[in-house]
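The values are calculated or read from the model by the stated rules, or taken from the named source; none is laboratory data. Everything numeric here is computed off the predicted structure, so don't read it as measured data. Note that we place each Cβ from the backbone using ideal geometry, even for glycine, and neighbour counts take in every protein chain shown.
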Amino acid sequence: MSTTTTQAPATGRARRPAPPGQAVDATPAESTLTTLRRGLALSPRLRTGLAGTLGLAVLAMVGRVAVPVAVQQGIDRGLRAPGGPDLRVVAVVAALTVAVLAATTTCSYLMLRRLFTVSETALAELRTRTFRHVHDLSMLHQQTQRRGSLVSRVTGDVDQITQFLQWGGVILLVSVGQILVTTAVMFVYSWQLTLVVLGAFVPAAVVVWRFQPRLATAYGQVRERVGTLLAAISESVVGAEVIRAYGVGERTGERLDTAVVAHRRSQIRALTTSVTSFSSGEVAAGLATAGVVVVGVHLGVGGGLTVGQLTAFLFLVTLFVQPVQIATEVLNEAQNAIAGWRRVLDVLDERPDVADPGDDGVPLPAGALSVTFDRVHFAYPGGPEVLSAVDLSVPARRTVAVVGETGSGKSTFAKLLTRLMDPTHGAVLLSGVPLTRATFASLRSRVVLVPQDGFLFDGTVAANVRLARPDAGDDAITACFAELGLADWVAGLPAGLDTNVGERGEALSVGERQLVALARAYLADPDLLVLDEATSAVDPATEVRLQRTLDAVTRGRTTVTIAHRLSTARAADEVIVFDAGRVAQRGHHDDLVAEPESVYGRLYAAWLAQTR
Ligand SMILES: Nc1ncnc2c1ncn2[C@@H]1O[C@H](COP(=O)(O)OP(=O)(O)OP(=O)(O)O)[C@@H](O)[C@H]1O
């Protein structure tokens, strides 16, 4: 039976999702419009009240056009009135202009407020959704070299969309409004001059249009390089200790330098392309103004245009040219945002490695859980098989130790057992329920994995333990430490339960971190506990304390321990020995050591020699 997950793509659109484990950096070529359509479909809130916002943008623009119209009316009907200058008309025109400007300023304020609120809300949702999805992709997708790339999608790429929608989007809306209103007023004054202006911009429009695909490619590369740069930075920060210890700062620095240079080059390439496209707008602006002066004077001489109308038209040309140039620039910036959007959408399209069966799922049966591996095979994406035909069962309440040489498949076994990954073939069952059918809510509350490094979050000891049961009060947490025989250890901490453990728990020793992680598992009260024993040496006192705590935590529940210390294997009800991805032996420690030539016999002899 194949248990490979087949969940529909997150965006629910027709494009074929990438299979689990496939690189998300392989951004397929896709047109700007397709990306926009996909993006808007995924964030429908962005379209909320768009017509109203556009309406407000157009109204806001009326204010700007009011000035040239007022100048024309002031000159033709006031200063150059047929019966001599009429200052009353000038005063009325001025008062009306002030009123129109006040009304349009209000429209402009309302438009900006709507735009900011809608875009911030929609993009906050997109960021949260992307983050959750990246989290769901866990195990197979979040491999070190790609973490920077994934992080850049949730941060930089979403920021790029936000910046564009808020500033570029506003400017684009305002510009489009200004172009529309100005064109209409220009037509009223002179359709011939309006055609001259529009004609001057036709070649520029063609250039901008033709440059869009090139810009899309150039900015696509920029966004990808930002991801590579973040990956290089995150690796050098996370691995700072090793880098210093081995004096390999220069080599790591070189990787960073290469990423910085590649980013700079792609950015320059994108900007050069955008400047070429932008310059065509400059040329068109010059042509339009010159054309209006020449044709306007010609029309004026023929009596087809008054001085006031020509003056107003020249104002209007400026009002038309300015937003056209700005819109060209914004369109270029839009390509950067669209490239970011495409990367965010691509990540959302990736199928999670494992998916919650949701309403089709069933809760795990009550009580301690039994474990069955039914001919389980597993291979990491693109790699060889690391677990082959694993067939085993562990009765409920049994304590089992899993041992084997490094790389024999023990951690892979633990990840399959806790459904951090699904087998390539075969099935894992808990009390007869295939894990692929167990609801996440039931699985995550009944099965707990304590990883080797006992990861702690920045916060107090109590807050870290409380992660297992958010409603647990300090009394319950104190009682939990007491039941584990750790009351005196907690009392010895600088601020007891309120002691801060620091980032990743680094203010505590490795052994102490394990104690907190075990208390967390104990409070969760799981029915199946999977422990990855710490390999790092802890001092003898902590080791004794850890062992006592472990005994208390595992009592009465099914426990599978990835055992690095064979003292743990010796104390287990049964030992399962892995060798090159297969179960080589299983039985009680005493029976297994009776065969000194077996895998376990050799492991035990090596361990004894090392501990002596
Ligand atoms: N994320 C991964 N991608 C590709 N291959 C992996 C990955 N994780 C582990 N492997 C490979 O799978 C095999 C089994 O690894 P696993 O971590 O299960 O071994 P292990 O017995 O737990 O080793 P150790 O005792 O050192 O922790 C190894 O050959 C390892 O290289």
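Looking at Val293, Val248, Val307, which is the one that is of a type in the set (Val, Ile, Thr) and modelled with pLDDT under 75?
Val248
With Gly78, Gly84 as the choices, which residue is among the small types (Gly, Ala, Ser) and surrounded by 15 or more Cβ atoms within 10 Å (Cβ to Cβ)?
Gly78
Does Gly286 satisfy the condition of being in the same structural domain as Phe187 (by TED's automatic domain parsing), without any contact (Cβ under 8 Å) to a residue 24 or more places away in the chain, among the small types (Gly, Ala, Ser) and under 25 Å from Phe211 (Cα atoms)?
yes
Mind checking which strands (runs of 3 or more DSSP E) fall wholly inside the stretch 495-589 and carry at least 2 residues that are of a type in the set (Asp, Glu), assigned by TED's automatic domain parsing to the domain that holds Ala468 and more than 18 Å from Leu456 (Cβ to Cβ)?
Here the list reads 574-579.
Please identify the pairs in which a residue from the stretch 362-384 that is at negative phi has its Cβ atom under 8 Å from the Cβ atom of a residue that is within 16 Å of the ligand (Cβ to nearest atom) and modelled with pLDDT under 90, counting only partners at least 6 apart or on another chain.
That search, which allows pairs on different chains as well, returns Phe378/Met421; Tyr380/Gly21; Tyr380/Leu140; Pro381/Pro20; Pro381/Gly21; Pro381/Gln22; Pro381/Leu140.
Does Ala218 qualify as being part of a helix (DSSP H, G or I) and over 16 Å from Ser152 (Cα atoms)?
Against the criterion (part of a helix (DSSP H, G or I) and over 16 Å from Ser152 (Cα atoms)), Ala218 qualifies.
In the stretch 87-106, which residue that is farther than 30 Å from Gly55 by Cβ and surrounded by fewer than 16 Cβ atoms within 10 Å (Cβ to Cβ) is modelled with the lowest pLDDT?
Leu87
For the stretch 467-494, name all the residues that are without any contact (Cβ under 8 Å) to a residue 24 or more places away in the chain and not in a loop (DSSP other than H, G, I, E, B).
Result: Asp474, Asp475, Thr478, Ala479, Ala482, Ala487, Asp488, Ala491.
Have a look at Thr27, Thr35 and point out the one that is modelled with pLDDT under 75, within 37 Å of the chain's Cα centre (by Cα) and outside the structural domain of Trp209 (by TED's automatic domain parsing).
Answer to the check: Thr27.
So in the stretch 233-274, with the set limited to residues that are crowded, with 20+ Cβ neighbours inside 10 Å and among the hydrophobic types (A, V, I, L, M, F, W, C), which one is farthest from Ala339 (Cα to Cα)?
Checking each candidate, the answer is Ala259.
Check whether at least one residue in the stretch 383-391 is away from the ligand (no atom under 16 Å from the Cβ) and either within 36 Å of the chain's Cα centre (by Cα) or among the hydroxyl-bearing types (Ser, Thr, Tyr) (or both), and report yes or no.
No - not one qualifying residue is present in the stretch 383-391.
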